[in-house]
1. Quick one: count up the residues across the range 257-286 that are within 20 Å of Gln103 (Cβ to Cβ) and in contact with a helix residue (DSSP H, G or I) (Cβ under 8 Å, 6 or more places away or on another chain).
2. How many of the residues in the range 77-109 are closer than 14 Å to Leu128 by Cα, in contact with a helix residue (DSSP H, G or I) (Cβ under 9 Å, 6 or more places away or on another chain) and in a strand (DSSP E or B)?
3. May I ask you to verify whether Val233 is in contact (Cβ under 8 Å) with a residue 60 or more places away in the chain and crowded, with 18+ Cβ neighbours inside 10 Å?
4. Residues being under 24 Å from Arg275 (Cα atoms) and part of a loop (DSSP other than H, G, I, E, B): count how many of those fall in the range 61-76.
5. Return the only residue of Asp245, Asp279 being closer than 13 Å to Val182 by Cα, touching a Leu at 6+ places or on another chain (Cβ under 6 Å), among the charged types (D, E, K, R) and modelled with pLDDT of 90 or more.
6. Does Arg258 fit the bill of being under 28 Å from Glu44 (Cβ atoms), over 18 Å from the mean Cα position of the chain (by Cα) and either in contact (Cβ under 8 Å) with a residue 24 or more places away in the chain or exposed (fewer than 14 other Cβ atoms within 10 Å of the Cβ) (or both)?
7. Given the structure, is Leu112 in a helix (DSSP H, G or I) and under 17 Å from Ala287 (Cβ atoms)?
8. Looking only at the range 176-206, count how many residues are basic (Lys, Arg) and without any contact (Cβ under 8 Å) to a residue 40 or more places away in the chain.
Amino acid sequence: MPQTLSLPGKNSTTVRFMFETLTRRLALRTSSLLAPGLAGLWAERLFLTPPQPLYPSAEVFDLLDARQSYLQHRGRHIAMWHWGAKDAPAVLLAHGWGGRATQMRRFVAPLLAAGYRVIAYDQPAHGLSDGRLTGLPDFADVLDAVARHHGGVRAVITHSLGGPAAAVAMARGLRLERAVLVSPPSDLVGYSRRFARWFAIPERVRRRMQAAIEERFGVRWADLELARVAPHVDAEALVIHDRQDGVIPWRQGAAVARQWRGARLLSTQGLGHGRILQDEGVARAAADFIAGRAKVAVPAHPELPYPAPLY
């Protein structure tokens, strides 16, 4: 009798996720009481392990028209896709934590129409790229390596954690003319504290986790905060953030725009943290800004009107 393959439904996936979360909470809480040092190392691995989402089957078609290649970076293969003429100026697309290159597909067409070459890639330990553990310093190193490998990269469009990664890469010497940061976080320590609350990790264990991550990458978290990095970046910037972002609050994107010299802020409404990448207006605004055809009216200030004007 022939057998059929059934994919797990949304409800079963949600139940499994909640069960795994509760199990990890209990294990971390117990180890925090009995062995705080071990709990810190366990929390470090959990913090540096990206989620493995189930990709919609339709996404397989989003990259069929691209040229695929791989870059070897510190023993891992980084999956890359590129569109457009090889001698055209390039724009890099960098997704965020738990994301994938296909999420950035909406930006490709308007950039190609503006005469750019477009490069997308899967972050380390994401999608088709190798690795199991990764973090912001890793994101920054790979972004720099992909840009230098292809050459001629003039600008970058990032989502979420890809924004701080681009800022760190530029502060360390990557020369770009323009950057569009969609839904960027501004407070990494604050994010780690929200992570700790979610898994019921005591503050002393969170501090051990932070110390272990700093030792792993050889960099202090304070040196990765946008407030410290942004003054060392010369690229023009546009920050796009949704007022109803439930993952990274709008106020963090507004803070990034204020900290980045001369940055512009475009606020959207009702697109959240993920759907903002699928909005045609957002993609067009990003492409126009990179091409120098349009700019948000004024630099970002706390008294910006709601929503911020685009033209």
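1. The first filter runs over the range 257-286 and keeps only residues within 20 Å of Gln103 (Cβ to Cβ), leaving 266, 268, 270-286.
Now narrow it down to the ones that are in contact with a helix residue (DSSP H, G or I) (Cβ under 8 Å, 6 or more places away or on another chain): 266, 268, 271, 274, 276-280, 282-284, 286.
Residues meeting the conditions: 13.
2. So the count comes out to 4.
3. Details: in contact (Cβ under 8 Å) with a residue 60 or more places away in the chain: yes; crowded, with 18+ Cβ neighbours inside 10 Å: yes.
Considered against the rule, which asks whether it is in contact (Cβ under 8 Å) with a residue 60 or more places away in the chain and crowded, with 18+ Cβ neighbours inside 10 Å, Val233 comes out as yes.
4. Going through the range 61-76, the residues under 24 Å from Arg275 (Cα atoms) turn out to be 61-66.
Pick out the ones that are also part of a loop (DSSP other than H, G, I, E, B) and you get 64-66.
Of the residues in the range 61-76, 3 are under 24 Å from Arg275 (Cα atoms) and part of a loop (DSSP other than H, G, I, E, B).
5. Values: Asp245 fails: touching a Leu at 6+ places or on another chain (Cβ under 6 Å).
The conditions single out Asp279.
6. Details: under 28 Å from Glu44 (Cβ atoms): no; over 18 Å from the mean Cα position of the chain (by Cα): yes; either in contact (Cβ under 8 Å) with a residue 24 or more places away in the chain or exposed (fewer than 14 other Cβ atoms within 10 Å of the Cβ) (or both): yes.
Judged against the criteria, Arg258 is not a match.
7. Numbers: in a helix (DSSP H, G or I): yes; under 17 Å from Ala287 (Cβ atoms): yes.
Yes.
8. Within the range 176-206, the first condition is being basic (Lys, Arg), and the residues that meet it are 178, 193-194, 197, 204, 206.
Now narrow it down to the ones that are without any contact (Cβ under 8 Å) to a residue 40 or more places away in the chain: 193-194, 197.
Count: 3.
The values are calculated or read from the model by the stated rules, or taken from the named source; none is laboratory data. Remember, it's a predicted structure, so these values are computed and weren't measured experimentally. Virtual Cβ from ideal backbone geometry, glycine too; neighbours counted across all protein chains shown.
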